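Let me begin by presenting the structure, written as structure tokens, before commenting on it.
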2 protein chains.
Amino acid sequence: MSTYHPLSEAEAIEIARTIEGVFEPGAKLVSREIGDGNLNLVFHISDPAAGRSIILKQALPYAKVVGESWPLTLDRARIESEALILEGQLAPGLVPNVYLYDKDLALTIMEDLSDHVIMRQGLMNSGRYPLFAEHISTFLAQTLFFTSDLGHNQQEKKLRTSGFINPELCKITEDLIFDHPYTDADTNSFDPAIRDEAEALWNDGALHLEVALLREKFLTHSQALLHGDLHTGSIFITPESTKVIDPEFAYYGPMGFDIGAVIANLLLNFASREGWDKTAAEREEYEAYLLQTVKDVLEKFEAKFLALWNEQGVDRLAGSAPGYKENYMQRLLQDTIGFAGCKMVRRIVGLAHVADIDKIQDAAVRERAQRLALRIGKTLIASNRSFTSVNQLIDAVQTANAAVKA
Amino acid sequence: MSTYHPLSEAEAIEIARTIEGVFEPGAKLVSREIGDGNLNLVFHISDPAAGRSIILKQALPYAKVVGESWPLTLDRARIESEALILEGQLAPGLVPNVYLYDKDLALTIMEDLSDHVIMRQGLMNSGRYPLFAEHISTFLAQTLFFTSDLGHNQQEKKLRTSGFINPELCKITEDLIFDHPYTDADTNSFDPAIRDEAEALWNDGALHLEVALLREKFLTHSQALLHGDLHTGSIFITPESTKVIDPEFAYYGPMGFDIGAVIANLLLNFASREGWDKTAAEREEYEAYLLQTVKDVLEKFEAKFLALWNEQGVDRLAGSAPGYKENYMQRLLQDTIGFAGCKMVRRIVGLAHVADIDKIQDAAVRERAQRLALRIGKTLIASNRSFTSVNQLIDAVQTANAAVKA
């Protein structure tokens, strides 16, 4: 069984039985393959009689996105498993427990979170998650601070970095987020109705400069161990619980990329609200909830990160140099906003879209949502180096919203 | 012989004989250990009759600096050897040839450069090196460009980075350059006469902010493979030839750190000129030669780096985004100036000094040289983010010089 091959459901059940403390000996187990088959097999193995279950996630040796397929290293399963374990240590309760990682099979066995929903789906269903900002800000502050030079022994950090060199997955980001949307690339995909927007992106030199600066940070700034793909499809949620999954893009990069991913996906849902079949008042109220969540995530993150720095900082000079913390936090906010903008733009004109907007049935409404998402995204990119507060960000989103809906 | 142990001269000779194409069989070889014994054994093995020679450099498992001793990884011999080989490919003729690297013995066998002098000594003897700026700018442009994301496949670069994770040697820099000079650290060492200057450094909050920002870049910006210790003691020179040696501090860091090291050491010699027993006119003429060399190094580097970028750049967006190259080169100049300042300051008040200034016999003259070096260094650090041209740098040095000598 140990040579790599895609597992059958029967094999998955046999492996699941070997995990101690989950299933009773002789339990009647049921398997359901619930992956989308694009990157991984995902087996949900359960003992319905006892109400117990477990997830087996096996990496496939290729990636498929919107019909394209290319080979992909199985080593990403190791990176994902090691990142999950580390995140679980740094942010207990905010990622699934890992029971086992099998290198040969590129297989991670972990806690079943079927009682949660994927947050993107939850937001599309207009769910409210009053603890989300609290949870995700803790996840971000803990994982980013304690893997950075501010909170981790600086020599150990260097050694750990080499275990998270992740060229293939980083290349997906470098191409699909930081390059293709800004040129007439074959991978781009957009509604013909917004071709004018796409062409404007290809010819906006001032925007290209900002994207090039953000791309440079993604390529060269080894600030902290990132999740690397922290959109709302990588978050399992209930009103009481938040679990971050799928860190296969993990690598040492700029912190703002993770924070920006969360913000971008909240704002993509914000841009989709016109597609919601409710009264204007109800829509506005949910939009306000989303913007308040953006604000809460950023403000809670900053407060928690600074508290960790003040209490557990390991860098003498970074802790004592007057004005350095303020300078650092402002640059981090600016990075966050710039990366958020890049993540929004690529979801409208690039290869991989989001269901929040693509599922809007009415073509005209969908088009307005796309234009709004692009307007917000471009504003965040274009002005990222000028933002000095969270409130300015909220104002910028509201201004873009008013302009598109006028 | 293959288990690690410090070699005897007899063993060194036997190993040297095994290198093909250097010595005749049966040649009568002579060994001279020419290392300073602080970090490495360095055997000069020669056949005086044939006029042939070779260098064996063996890492010792400890470092000694000014009486202090601490354990140090032998892996630095691998890093040094691999960096030398790579630098030789990227900048042919500007580093010694490597004949052999023996991992078990932490031993590198390389070209003998005894016909060259150490550049620091050459400058202390007021030598002129009319090709130095041409050579070192080529070395810097070639090694930095082709190991950066601008000139190297970005996925291969990531893989190569893990071979140059260098925590122990980086820690020496992080402590001795980017921390200790700015606090009352035990490792600091300075003439009692300039205690006022040292204490001012410990209490200069504005300077600490700039040093903290530069320290952050050293810790997190994986721009290119650096030499990592490119002072004039790491350069062998003649009027016709320049050879960069000793890249055991090599790691992926900010480019400006290497360029700044060259500039700092030229300026440290500049600060030492008052100790030269010549007429004021001769001193001024040599000072002008040093400043012209600083200017030439920076201007030639910029021209060569940009030419490589224009002709051999591998990053689409970095090549096409309007204003990005100008933005990049300006930040690189600012980093260079900031790092140069840090390298000057630490050579006056930190653990390791430079002979250019320490060897000045007259205490009053030496003190003025130290104050001048600190004045220049602090100016470069304090204003590093404001510099926009090489001429501004030269002006700042001349202004500091005039102020101290007034």
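None of the figures in this text is laboratory data; all of them are computed from the coordinates on show. Because the structure is a prediction, the values reported are computed rather than measured. Every residue, glycine as well, gets a Cβ built from its backbone with ideal geometry; the counts of neighbours run over all protein chains shown.
By its C-alpha gyration tensor, with a ≥ b ≥ c as the square roots of the eigenvalues, how is region A:230-271 shaped: rounded for a/c under 1.5, else prolate for a/b larger than b/c, else oblate? Each step should come with its number before you reach the end.
Working: a/c = 2.26, a/b = 1.20, b/c = 1.88.
Oblate is the answer for region A:230-271, as a/c is 1.5 or above yet b/c matches or exceeds a/b.
How about region A:214-278: which GluC sites (Glu not before Pro) there are in a DSSP loop, with at most 12 other Cβ atoms within 10 Å of their Cβ? Before the final figure, lay out each step's value.
Working: sites: A:Glu216, A:Glu240, A:Glu248, A:Glu274; in loops: A:Glu240, A:Glu248.
Passing both the DSSP loop test and the Cβ count: A:Glu240.
Take every residue in peptide B:203-213, count the Cβ atoms of other chains within 10 Å of its Cβ, and give the average of those counts.
Counting other chains' Cβ atoms within 10 Å and averaging over B:203-213 gives 5.
Looking only at Cα atoms, what is the convex hull volume of region A:9-111 per residue, in Å³?
112 Å³
Consider all pairwise Cα distances in region A:326-383 and report the whole-number % of them above 15 Å.
52 percent
Over region B:9-111, what is the relative contact order in whole percent, taking alpha-carbon pairs under 8 Å and six or more residues apart?
Values: 179 pairs, mean separation 21.6, N = 103.
Worked out over region B:9-111, it gives 21 percent.
Restricting the calculation to Cα positions, tell me the Rg (one decimal) and the Dmax (whole number) of the protein assembly as shown in Å.
Rg and Dmax of the protein assembly as shown, Cα atoms, are 29.6, 99 Å.
Once a ≥ b ≥ c are taken as the square roots of the eigenvalues of the Cα gyration tensor of region B:182-321, is the result rounded (a/c under 1.5), prolate (a/b larger than b/c) or oblate (a/b not larger than b/c)?
oblate
Which number comes out as Rg/Rh for region B:117-405 once both Rg and the Kirkwood Rh are worked out on C-alpha atoms? Let's see the in-between values first.
Values: Rg = 18.3 Å, Rh = 19.2 Å.
We get a ratio of 0.96 for region B:117-405.
Where in chain A are the helices, taken as whole DSSP H runs, whose Cα atoms extend 18 angstrom or more along the long axis and whose Kyte-Doolittle mean reaches at least 0.5?
Passing helices, by number: A:132-145, A:205-220, A:256-272.
Report, as a whole number in µm² per second, the diffusion coefficient that Stokes-Einstein gives for region B:90-189 at 4 °C and 1.567 mPa s using the Kirkwood radius over alpha carbon pairs.
Working: Rh = 17.5 Å.
Approximately 74 µm²/s, per Stokes-Einstein.
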